[in-house]
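Just so it is clear, none of the values below were taken in a lab; they were calculated from the coordinates. These figures come from a predicted structure and were not determined experimentally. Virtual Cβ from ideal backbone geometry, glycine too; neighbours counted across all protein chains shown.
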Amino acid sequence: MAARARQVVKAYGAGETRVVALDHVDVDIARGQFTAIMGPSGSGKSTLMHCLAGLDTVSSGQIFLDETEITGLKDKKLTQLRRDRIGFIFQAFNLLPTLNALENITLPMDIAGRRPDAAWLRQVVETVGLAERLKHRPTELSGGQQQRVAVARALAARPEIIFGDEPTGNLDSRAGAEVLSFLRRSVDELGQTIVMVTHDPVAASYADRVLYLADGRIVDEMLSPTADQVLDRMKDFDSRGRTS
Amino acid sequence: MTVWKTSRRNFFAHKGRMALSAVAVLLSVAFVCGTLVFTDTMNTTFDKLFAATAADVTVVPKAPEKDNRLPGNGKPETVPASAVEQAAKATGVKTAEGVVSSTSVTVVDRHDKNMGSTSGGPTIAGNWTGNALRSMEITSGHAPRGPTEVMVDADTAEKHHLKLGDELRTITANGDIEARISGIATFKVTNPGAAVIYFDVATAQTKLLGRPDVFSAISVTAEAGVADEQVKKNVATALGDTSAYELRTQKESTENSKDSMGSFLDVMKYAMLGFAGIALLVGIFLIVNTFSMLVAQRTREIGLMRAIGSSRKQVNRSVLIEALFLGVVGSLLGVGAGVGLAVGLMKLMGAMGMELSTEDLTVAWTTPVIGLVLGIVVTVVAAYFPARRAGKVSPMAALRDAGTPADGRAGRVRAAIGLVLTLAGGAALLAATRADKSSEGAPLLGAGVLLTLIGFIVIGPLLAGFVVRVLSTVMLRMFGPVGRLAERNALRNPRRTGATGAALMVGLALVACLSVVGSSMVASATEELDKSVGADFIVQPAGGGGGLIVDQAAKALKTVPDIEHFTEYKVVGARVTAPDGSTGSEGLVAANPSYKDDVRRETVSGELAAAYGKDAMSVGETYATKHRVKVGDRITVAFKGGETAKLKVAAITSDDVNIDKGAMYVNLTTAAQYVPADALPQNMIMFAKAADGKEKEAYAALKSALAKYPQYEVKNQADFKEQLQDQIGQLLNIVYGLLALAIIVAVLGVVNTLALSVVERTREIGLMRAIGLSRRQLRRMIRLESVVIAVFGALLGLGLGMGWGTAAQKLLALEGLGVLEIPWPTILTVFVASAFVGLFAALVPAFRAGRMNVLNAIATD
């Protein structure tokens, strides 16, 4: 397993105003798999990802990255962990505007003071098709290109796991498809582990496995999904949600 | 009215971001108002004092022809005692009293410690009269009744722990007065710092004025119901011939005293206002930056306003109204702080011995008005350009994703203007260094300083790009990727970095310039001392102040053994008529012939030694050229209080010096031949040369000979140089202290820029933290950025200042400032200190950035 969550609870506030975002969640993320987390707004899917990635703290329960328990780690250790073992792709604002594409890609390694593996870097850059644009600043790149740079950055440091938070949420369908197929390829060809939060059935259909979250609980999962299957399942949730 | 509403809401929504700008306005306004309140209070204090001490009508001897080059001879002008009786008989006069008053005295206690004012105020000795009762009352003991009794003012008594019966020795030009304190008198108004002592009439006349039948002035009290003007006329009639007198009503006396005090207060006032102005100038940078950044951060919001129908004008106005709020708040607080500052200054003066009472605290109605208008106008003017830029935001901005504001690039026009200004300024400075006359060079220097300053400010963003890159290769690269990020951040908006650095530049340029001029002054003077002064010892009034050396002290000095020679140096007033017939007042230097070895002078013709011959003299080069005087010519010298002599010019001295520039020398014996002993002034300075190998003994002996006269100091050459250095150093320290205000405002500017850019980069910082930048690295990044901005400002400022200082020295070389000395330790210290200032400025912004919540930062909307 690349990552595990055990009986994770995340609650905000106390007493009357207590809101439970994650309610005793157990998740296993398999190594070399592409996992999508889906669910309606407010289902807790982003919170779950943030907790798994060590960006947020849990109220109770345990989270492991490989064999390392990350719940209870101090900020310094968590930062190191994110830097060395985790990759991130956010929905927007992934890149530092003062650095060019290449500098953005190598930033996590620069921060860590490590030299990037030149051959690997070349391979990653070629895979995402950015060889021509490495010297460009983010403002000189299209939205799709910017997200591809973000994917390259996530891949370049060879993290154990990559978390994506709606990585295609701001892209049109063609650019989104491009980015998603890169993610797919990195799982298939490079053996990368990826966890992606999305509400787009098409995006989810690129995954090996879809987890459905509702009211802070895992309510269902689907293996080797297609977009239609995912859409049907979502509609199902919606109608159930309406009747209940 | 919606514009008002949005402006007000914006202002309060961003009050944190406005805080530092408000502080900048506050500080500048406080300094201006503080200065005004303080000087007004001083004026009030002196007005009250002068009004309280002036008689209804005062008769004083007619002032001799005013000539500042002539020192007094230590013996004041007088009116005869008979005039007092004449004045008393005039109609409408209730009483007329003779008043004795002298400031050429020194009071010491039993241990020969000076009891005079510690704040540079005068020591005034006189007779106790009815007029003195206007401003003082005897609070213990009684008025002096004989030559062995003296009365002192209560402030002096308190300061020096004097009580009734204590012995005081008063050193006067006519000998010492040994007396015991018989009474203590207290001022009814605030006495800012004069030490006042009273004797009985006879003692005061003989010792202070040298004769028993004269007075310094006549104080006339009018009968009730008679106007001062009328009494003045009547007294004039009673005196008959009034050509020797000047009559003043109480109003005129007060005005007269105020005039002489006022010019000093004015100098102080305008100097302090000047420094306040510099701080205000620096504050402008801060305000411009704040509003530029607020406008940039609000681009989307403004775009939305425009999209839903706000006109450019409305957007523009809403920003200006925000500035108005800022100006009003900052100025109001500033006016309040200014009054506090004035009270603080008064306390400070009190600690230094100058008493000012808060009862006299004067806040003229103009003070808050000036403060408010100044603060508001400056703020609104500074916000004008950012406001215009806000007006230009297109409605499309609302639709664009303005994650970060676009890079502000320094325009070409701007670069060209800046370059032209800088070059013009540089040319003016160069021209100033080549000027033949200092009066011609001074305006050039001023223009050069101003133009280069403005040029540097305009060109700042361009220089920022260049300097930051250089600095980065020198110091940032060693910090690895964090250093590179800091470099990029500093370069991201060169206009902002330029303005922030320029604010620091202004203050530091002045510091550098003045320190160059100051140390050049010390170096030049030291060089001249080494070159021309041959005397081992110099005796002068202590503290470098004016005054003359009383004869009894001179006599005491002359008994010292191990001395090869003593030189007495007097300045004798005279009307001098050149062969071409032109006549003028001159102060002739009457000295022993040994003086030519004590202070060596070059001659352009003749021998200086011959000028000390009988009926001979020397003149300066400038005078000789002007009046076509040659060696061998005869000059008519009408000595003041003495006879007229025809003296032969035996030498013409070069005027390329600072000591005794333009002096006319005569032998002391020549002067004594024409001037009676009691009219001959006391020594101004004395020089001494030790017998061979006896320097140490002579020095110690001179010191102990002066022990009874603490008002004088003996200095050897090393002491003299040190004193010179101390004096210039003290002056510079005061100026640095005042410039500190401008530098503090500039540092606030650095803090402000960093704080705002941290806010602006919230998401960026969140992203970096998410992908693994540690808190420490983040804080270091912000600190490095701050250091780079500060060091950039320091480099520009120090460079500019050294340029100014060098140009000033080259120009002043015409006035004897021949040696250029760059004070590298000072410059280096300032440079290193500026890096620390950068670190300091980043403390809070870095801390806040470190505490930023990663999740909030990366959350999309």
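Residue by residue through A:109-120, how many Cβ atoms from other chains fall within 10 Å of the Cβ on average? Mind showing how you got there, number by number?
Values: counts 2, 6, 11, 5, 3, 0, 0, 0, 0, 0, 0, 0.
Per residue, the number of nearby Cβ atoms from other chains is 2 on average.
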**Positive-end extreme of charge dipole, region B:563-690 - chosen from B:Ala578, B:Ile563, B:Leu680 (charges on Cβ)** = B:Ala578
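Once the Cβ-Cβ distance between B:Val226 and B:Thr636 is put in as r, and R0 is 35 Å, what FRET efficiency do you end up with, to the nearest 0.05? Each step should come with its number before you reach the end.
Working: r = 49 Å, r/R0 = 1.41.
Between B:Val226 and B:Thr636 the formula returns 0.10.
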**Prompt:** Rounded to two decimals, what is Rg over Rh for region B:167-218 when you use alpha-carbon atoms and the Kirkwood radius?
**Reply:** 1.00
**Prompt:** Label points 7 Å out from Cα along the Cβ direction at B:Leu814 and B:Met475: separation in nm?
**Reply:** 3.9
**Request:** Assuming 1.306 mPa s and 10 °C, estimate D for region A:128-244 with Stokes-Einstein, Rh taken as the Kirkwood radius over Cα pairs, in µm²/s.
**Result:** 102
**Complete:** Whole-number value, in Å³ per residue, for the convex hull of the alpha carbons of chain B is 210
**Asked** Rounded to two decimals, what ratio of Rg to Rh does region B:196-266 give with C-alpha atoms and a Kirkwood Rh?
**Response** 1.04
**Asked** For A:Asp66 and B:Leu828, what is the calculated FRET efficiency with R₀ set at 60 Å and r taken between the beta-carbons, to the nearest 0.05?
**Response** 0.65
**Complete:** Here the averaged projected area of region B:622-706, based on the convex hull of its alpha-carbon atoms and given in nm², is 8.2
**Prompt:** Once the Cα gyration tensor of region A:13-81 is diagonalised, what are the square roots of 5 times its eigenvalues, in whole Å and ordered largest first, as equivalent ellipsoid semi-axes?
**Reply:** 21, 18, 10
**Prompt:** Between B:Ile454 and B:Met396, what is the label-to-label distance in nm when each label sits 7 Å out along the Cα-to-Cβ direction?
**Reply:** 3.6
**Request:** Can you check how the C-alpha radius of gyration of region B:252-309 compares to 2.2 N^0.38 Å, as a plain ratio?
**Result:** 2.30
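Kindly identify region B:63-243 as rounded, prolate or oblate by the Cα gyration tensor criterion: order the square roots of the eigenvalues as a ≥ b ≥ c, call it rounded if a/c is under 1.5, otherwise compare a/b with b/c, prolate if a/b is larger, else oblate.
Working: a/c = 1.94, a/b = 1.52, b/c = 1.28.
It comes out prolate by the Cα gyration axes.
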**Under 15 Å from the B:Tyr384 label point (7 Å along Cα→beta-carbon), backbone N, region B:288-311** = B:288
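Going highest first, how would you order B:476-489, A:159-172, B:266-279, B:728-741 by mean Cβ packing within 10 Å?
On the way: B:476-489: 19.4, A:159-172: 22.4, B:266-279: 17.0, B:728-741: 15.4.
Descending packing order for the listed peptides: A:159-172, B:476-489, B:266-279, B:728-741.
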**Complete:** The Cα radius of gyration of region A:49-207, divided by 2.2 N^0.38 Å with N its residue count, comes to 1.02
**Asked** Near B:Lys531, which lysines are there with a Cα under 24 Å away, not counting those fewer than 8 places off in the same chain?
**Response** B:Lys570, B:Lys596, B:Lys661, B:Lys689, B:Lys694, B:Lys696, B:Lys715, B:Lys721, B:Lys810
**Complete:** Here, B:Ala835 and B:Lys62, labelled 7 Å along Cα→Cβ, have an inter-label distance in nm of 7.0
**Item:** region B:752-823: mean projected area of Cα convex hull, nm²
**Value:** 6.7
**Prompt:** If eta is 1.002 mPa s and T is 20 °C, what Stokes-Einstein diffusion coefficient results for the protein assembly as shown, Kirkwood Rh from Cα pairs, in µm²/s?
**Reply:** 59
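Beyond 18 Å, how much of the Cα-Cα pair distribution for region B:563-690 remains, as a whole percent? Walk me through the intermediate numbers first.
Working: 3872 of 8128 pairs.
Distances greater than 18 Å cover 48 percent of the Cα pairs.
Using the Kyte-Doolittle scale, find the helices of chain B whose mean hydropathy is at least -0.5 and whose Cα atoms extend 24 Å or more along the helix's long axis, counting only whole DSSP H runs.
Working: long enough: B:15-53 (55 Å, 1.00); B:250-297 (65 Å, 0.65); B:312-351 (56 Å, 1.15); B:366-391 (35 Å, 1.35); B:412-433 (31 Å, 1.50); B:438-471 (42 Å, 1.76); B:494-532 (54 Å, 0.67); B:717-760 (61 Å, 1.07); B:775-812 (54 Å, 0.63); B:824-841 (25 Å, 1.86).
Passing helices, by number: B:15-53, B:250-297, B:312-351, B:366-391, B:412-433, B:438-471, B:494-532, B:717-760, B:775-812, B:824-841.
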**Inter-part distance where region B:709-788 and region B:467-511 are each reduced to a Cα centre, Å** = 15
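Would you mind calculating the relative contact order of region B:63-243 from Cα pairs under 8 angstrom and at least 6 residues apart, reporting the percent as a whole number? Walk me through the numbers before you get to the answer.
Details: 380 pairs, mean separation 59.8, N = 181.
Relative contact order of region B:63-243: 33 percent.
What does the average come to when, for each residue of peptide A:69-81, you count the partner chain Cβ atoms lying within 10 Å of its Cβ? Each step should come with its number before you reach the end.
Values: counts 0, 0, 0, 0, 0, 0, 5, 3, 0, 3, 11, 2, 1.
Counting Cβ atoms of other protein chains within 10 Å of each residue's Cβ and averaging gives 2.
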**Asked** For chain B, what does -39500 (n - 2.57) per DSSP helix run (n ≥ 4), summed and divided by total residues, give at 222 nm, in deg cm²/dmol to the nearest 500?
**Response** -18500 deg cm²/dmol
**Complete:** From the Cα centre of region B:141-179 to that of region B:82-97, the distance in Å is 30
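How big is the charge dipole of region B:63-243 about its Cα centre, in debye rounded to the nearest 20, if each Lys and Arg gets +1 on its Cβ and each Asp and Glu gets -1 on its Cβ? Write down the numbers at each step before the final one.
Values: 18 positive and 22 negative charges, 15 e Å.
Charge dipole of region B:63-243: 80 debye, to the nearest 20.
How long is the gain from B:Ala271 to B:Arg434 if the chain were fully straight, where each residue apart is worth 0.36 nm and the alpha carbon distance is subtracted?
Working: separation 163, 0.36 × 163 = 58.68 nm, distance 2.87 nm.
Full-extension gain reported as 55.8 nm.
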**Request:** Report the one residue of A:Leu99, A:Val202, A:Val128 whose Cα lies farthest in the direction of the positive end of the charge dipole of chain A (charges on C-beta: Lys and Arg +1, Asp and Glu -1; origin at the Cα centre).
**Result:** A:Leu99
**Asked** Between region B:585-659 and region B:796-850, how many Å separate their Cα centres?
**Response** 45
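Relative contact order for chain B: what is it in percent, counting Cα pairs under 8 Å that are at least 6 residues apart?
Details: 1668 pairs, mean separation 137.7, N = 861.
With pairs under 8 Å counted, the relative contact order is 16 percent.
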**Message:** From zero outward in steps of 10 Å, how is the percent of C-alpha pairs of region B:250-377 spread across the bins?
**Reply:** 10, 27, 27, 17, 11, 6, 2, 0
**Request:** Work out the mean other chain Cβ neighbour count within 10 Å for the residues of A:90-101 and drop it here as an integer.
**Result:** 6
